[in-house]
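Visitor: The structure is given below, and queries will be raised subsequently.
Each value in this text was obtained by applying a stated rule to the coordinates, not by laboratory testing. Worth saying up front: this structure is predicted, and the values here are computed from it rather than measured. Please note: Cβ atoms are built from the backbone with ideal geometry, for glycine as well, and neighbour counts cover all protein chains shown.
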């Protein structure tokens, strides 16, 4: 008899899981007790409340703000709220991760009910188990899920802006709209040369005589810089900060591969990047124009090499399926990790996608030391980890080539279409409201009636005594 799908953190046979659930339930009760009943309408009121709560609880303003904000976010996700109330699957730490990720959406978009319904739908899909003893999704998976949802409906609030790479903004089908503001016309022009790519560079002296550099760029440039710095750090065997400094002051030649994933059988399919997630349409088009090689991931999935190391197509396939290190709880991006043979190559294990997973060097060594073993489902990419105490846990593949993510791409395309329809209906409704307001009879002007105001003369002061 097969076991039902479940979360490993809700295992009733585990003492730690039972204690965790009780602690989480008590945590929610505690924070609901602290939560203010009345709306806080000013910064002064909020400061006063935080001061009083700090006096009685010792909790800082930052912690209070984070957890109250997380509870406010949960109130806008009714299905997820009901799930937590029933199971206490997510504690306030995980809820604050969700709240912070949603807070990155454009302010205008956060006012749209369509966004919150979409978030509730996708988060419920993420937190509904499909395997027994399934591992709770990690921070990176949660953030990626929310970022992908925001991207699927972002056109509800995204203004049309000039392309920072110098491509002109496409004109609407009915031709350009005359603009009476010359400043707006100047802003709409493509940037001169490449100046528009860098939005800002800020240099700030620090108290310890160091300098802080803050650079803001468009997404396409950021993707390229991220990949260059990642490769530079590997080449120089240092961290990315030092690699950036060294590459600027003492440049060396680098060969950098930027990986983009896009479904070929779905119209309007999004483009994924391993560390950035879903790209904007503008960034995706800019980077796709630079593509020098296109790989068929269906062919790579079935390909095999007699060598120990994966070929480039096979490696790209495994990265696209796994997306992160597959060790439980590890969020290291898969792009520069080790490829591990489920059945060792020297024991006859093939170098093929259905026998490979991505592991960071640290956890690759732990697996080699037989601190844990795993089974790999060749169809779904799910990894079943077996531990020395006789327990097991299941890690689901989270990349765009994983079966459940490939199904989500269909949802993305359909939701993007619904988002456009929603935006069009909303715009039409607002236009109709303005039309109705213009058609309403305006009150007739009141006849002018002069008003006589009588002024009483001030009393005479007593004459001076001289």
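Visitor: Which peptide among 363-376, 54-67, 139-152 comes first, and what is the full order, when sorted by highest mean count of other Cβ atoms within 10 Å? Walk me through the numbers on the way to the answer.
Guide: Details: 363-376: 14.9, 54-67: 13.3, 139-152: 20.6.
Ranked from most to least packed, the peptides come out as 139-152, 363-376, 54-67.
Visitor: Provide the convex hull volume over Cα atoms per residue for segment 287-380, in Å³. Don't skip to the end; give the middle numbers.
Guide: Details: hull volume 10.4 nm³, N = 94.
Each residue corresponds to 111 Å³ of Cα convex hull volume.
Visitor: Per 0.36 nm of contour for each residue apart, how much would the distance between residue 107 and residue 82 grow if the chain were fully extended, relative to their Cα-Cα spacing? Mind showing how you got there, number by number?
Guide: Values: separation 25, 0.36 × 25 = 9.00 nm, distance 2.59 nm.
Full-extension gain reported as 6.4 nm.
Visitor: Between segment 118-143 and segment 243-301, how far is it from one alpha carbon centroid to the other, in angstrom?
Guide: Comparing the Cα centres of segment 118-143 and segment 243-301, I get a distance of 26 Å.
Visitor: Expressed in nm², what is the orientationally averaged projection area of the convex hull enclosing the Cα positions of segment 8-156? Could you put the intermediate results ahead of the total?
Guide: Working: hull surface 39.3 nm².
The directionally averaged projection comes out at 9.8 nm².
Visitor: Please compute the length gained on full extension between residue 208 and residue 100, using 0.36 nm multiplied by the number of residues separating them and subtracting their Cα-Cα distance.
Guide: On the way: separation 108, 0.36 × 108 = 38.88 nm, distance 3.06 nm.
Net length gain for the segment: 35.8 nm.
Visitor: Report the FRET efficiency, 1/(1 + (r/R0)^6), for residue 51 and residue 25, where r is their Cβ-Cβ distance and R0 is 25 Å, rounded to 0.05. Mind showing how you got there, number by number?
Guide: Numbers: r = 29 Å, r/R0 = 1.14.
Once rounded, the FRET efficiency stands at 0.30.
Visitor: Sticking with this one: Segment 270-428: percent of C-alpha pairs farther apart than 23 Å? Kindly include the intermediate steps, with their values, before the conclusion.
Guide: Numbers: 5525 of 12561 pairs.
In whole percent, the long-distance tail amounts to 44.
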